[in-house]
Amino acid sequence: MAIMPALMRQSPGFLQRFYLIEAVQGVALTARHFFVNMPRHVARGLGFKVGKGNTVTIEYPEERRQYAKRLRTRHRLAKRTDGSPRCVACMMCETICPARCIHIVAREHPDPNIEKAPAVFDIDIGTCVFCGFCVEACPEDAIRMDSGVVELAAYTREGLLYHMDQLLG
Ligand code: SF4
Ligand code: SF4
């Protein structure tokens with residue numbers, strides 16, 4: 001069976017070689033968006049309520065888009081009922097992380113039924129690629145990406161290093 005190439009390039013027709021029709025079509029498309037959106041922006045500017053069309057700008061940060069529930073946002077560490085981290089310092093998340101941005105130091109847990117707990121649990125959000133592998137790998141459901149925090153800008157690289165107390169917060 002013949003294998004079709006993934007991308008087949010069509011040779012342009014006679015009129016297309018002049019690019020005139022394509023240029024006019026492009027200008028017409030831009031003009032249509034302009035004349036459809038401009039009255040809506042003016043109406044919004046004057047305080048009228050305008051439905052959220054796909055092309056009306058969201059006035060961030062005063063106005064926020066509703067995020068999908070499955071959106072991966074900044075990590076958080078789940079807590080036990082006593083407020084301590086559920087994490088048992090198994091290192092699964094640190095091992096699977098493709099960006100190597102998780103750093104854990106384990107310690108003994110005072111409860112003999114729990115083998116270990118994290119003494120240090122840092123995530124360098126500056127190098128995290130938000131793949132979610134750490135969440136998938138965790139056997140304790142101890143690390144989640146459902147904090148809802150998406151504004152992660154910082155003035156320094158150190159400001160992007162999140163420690164356990166911040167991740168538990
Ligand atoms: S989301 Fe991906 S890159 Fe970020 S800490 Fe988790 S495993 Fe690492
Ligand atoms: S995979 Fe879960 S339990 Fe294991 S170290 Fe990471 S957060 Fe803790």
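The values are calculated or read from the model by the stated rules, or taken from the named source; none is laboratory data. Not measured: the values here are computed from a predicted model. In this analysis, Cβ positions are derived from the backbone assuming ideal geometry, glycine residues included, and neighbour counts consider all displayed protein chains. Calculation scope for accessible area: heavy atoms of the full protein, side chains included, ligands and nucleic acids excluded. Shrake-Rupley method; radii C 1.70, N 1.55, O 1.52, S 1.80 Å.
In the range 140-149, of all residues being of a type in the set (A, V, I, L, M, F, W, C) and either touching a helix residue (DSSP H, G or I) at 6+ places or on another chain (Cβ under 6 Å) or open to solvent by 60 Å² or more (accessible area, probe 1.4 Å) (or both), the one that is nearest to M92 (Cα to Cα) corresponds to I143. Being touching a residue at least 24 places away in the same chain (Cβ under 8 Å), away from ligand 1 (no atom under 16 Å from the Cβ), farther than 20 Å from R72 by Cβ and surrounded by 15 or more Cβ atoms within 10 Å (Cβ to Cβ) holds for only one residue in A117, A106, A89, and it is A117. For the range 81-106, a residue qualifies if it is more than 12 Å from ligand 2 (Cβ to nearest atom) and either of a type in the set (D, E, K, R) or in contact with a helix residue (DSSP H, G or I) (Cβ under 6 Å, 6 or more places away or on another chain) (or both), and the qualifying residues are D82, R100. Pairs are defined by a Cβ separation below 7 Å, a sequence spacing of at least 6 or placement on different chains, a first member in the range 60-72 that is touching a residue at least 40 places away in the same chain (Cβ under 8 Å), and a second member that is part of a loop (DSSP other than H, G, I, E, B) and open to solvent by less than 100 Å² (accessible area, probe 1.4 Å); the pairs so defined are R72/F130; R72/G132; R72/M145.
Among the residues of the range 39-58, the ones that are free of Cβ contacts under 8 Å to residues at least 12 places away in the same chain and not hydrophobic (A, V, I, L, M, F, W, C) come to 7 in all.
Yes/no matrix, rows are residues, columns are (1) more than 30 Å from G51 (Cα to Cα); (2) at pLDDT 95 or above:
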site	(1), (2)
R70	no, no
T73	no, yes
K79	yes, yes
G83	yes, no
V120	yes, yes
T127	yes, yes
C134	yes, yes
